[in-house]
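The structure appears below as structure tokens.
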């Protein structure tokens, strides 16, 4: 059973449908996120005129060598084939690890994962941003004296576009979170966060008031909206 849905093969001599290529690119980026040497693939659903020379196919080959242990990797992922199954397994293990990992005293990494259908974990290169954000949320939580519910934090660029998020949304870089606190009106939470910023207790950033939640980000400069 696989958790990466493909309708056709991807790679050298594959059917190479755009949505399948994008699914593979996203999956390979997750698997390789712990390796700072490897640059993330551009998730564009393209392999170019010569797939065999594309970065995506090269990433498939490297995955086949390291994880599938193929002596002669073919640079292709076939539906329910060895590489497909192994890639799905690697993703499941990664998610299970991140979901159980403690980020701060009151927050887990899973709370900052993307709200897409795959609950995409925070990429390795954005984890420092999320750690900094979480440390600010700990201060807010302590000052309010109640648990904070994160309704949206990290977003993949694809998910951000899908929901109509701003092109330069700080959710994409792991620097923003939308917050709710049970028993506290969004307006009161909004004002509390601004007060903490003004008193130098948390990082200056963007604070937005919405009907059911408050947006807070650590951009480093002041931005206010919604009031």
### Query
So if we plug the beta-carbon distance of residue 132 and residue 97 into 1/(1 + (r/R0)^6) with R0 = 25 Å, what FRET efficiency do we get, rounded to 0.05?
0.70
### Task
Order these peptides, 206-214, 59-67, by their mean beta-carbon neighbour count within 10 angstrom, highest first.
59-67, 206-214
### Summary
Taking the chain and counting helices only, DSSP H stretches of n ≥ 4 at -39,500 (n - 2.57) each over all residues, the nearest-500 ellipticity at 222 nm comes to -11000 deg cm²/dmol
### Task
For the chain, go through all pairs of different Cα atoms, get the mean of 1/r, take its inverse, and jot down that Kirkwood value in Å.
19.0 Å
### Query
Roughly how tilted is helix 186-198, in degrees to the nearest 10 and between 0 and 90, from the longest Cα axis of the chain?
80 degrees
### Task
Please determine, in degrees from 0 to 90 and to the nearest 10, the orientation of helix 127-144 with respect to the longest principal axis defined by the Cα atoms of the chain, where the helix direction is its Cα long axis.
30 degrees
### Query
Which percent of Cα pairs goes in each bin when the distances of segment 158-227 are cut into 5 angstrom slices starting at zero?
4, 17, 27, 25, 17, 8, 2, 0
### Query
With labels modelled as points extended 7 Å from the Cα through the Cβ direction, what inter-label distance (nm, one decimal) is found for residue 3 paired with residue 119?
0.8 nm
### Message
Once the convex hull of the alpha carbons of segment 102-225 is built, what does its volume come to per residue, in cubic angstrom?
### Response
104 Å³
### Task
May I ask you to order 182-193, 18-29 by the average number of other C-beta atoms within 10 Å around their residues, highest value first?
18-29, 182-193
### For q = 0.13, 0.17, 0.25 Å⁻¹, Debye-computed log10 I/I(0) when each Cα of segment 10-99 counts as one equal scatterer
-0.38, -0.66, -1.45
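Each value in this text was obtained by applying a stated rule to the coordinates, not by laboratory testing. Since this is a predicted model, take the numbers as computed values, not measurements. Every residue, glycine among them, receives a Cβ derived from its backbone with ideal geometry; neighbour counts consider all protein chains shown.
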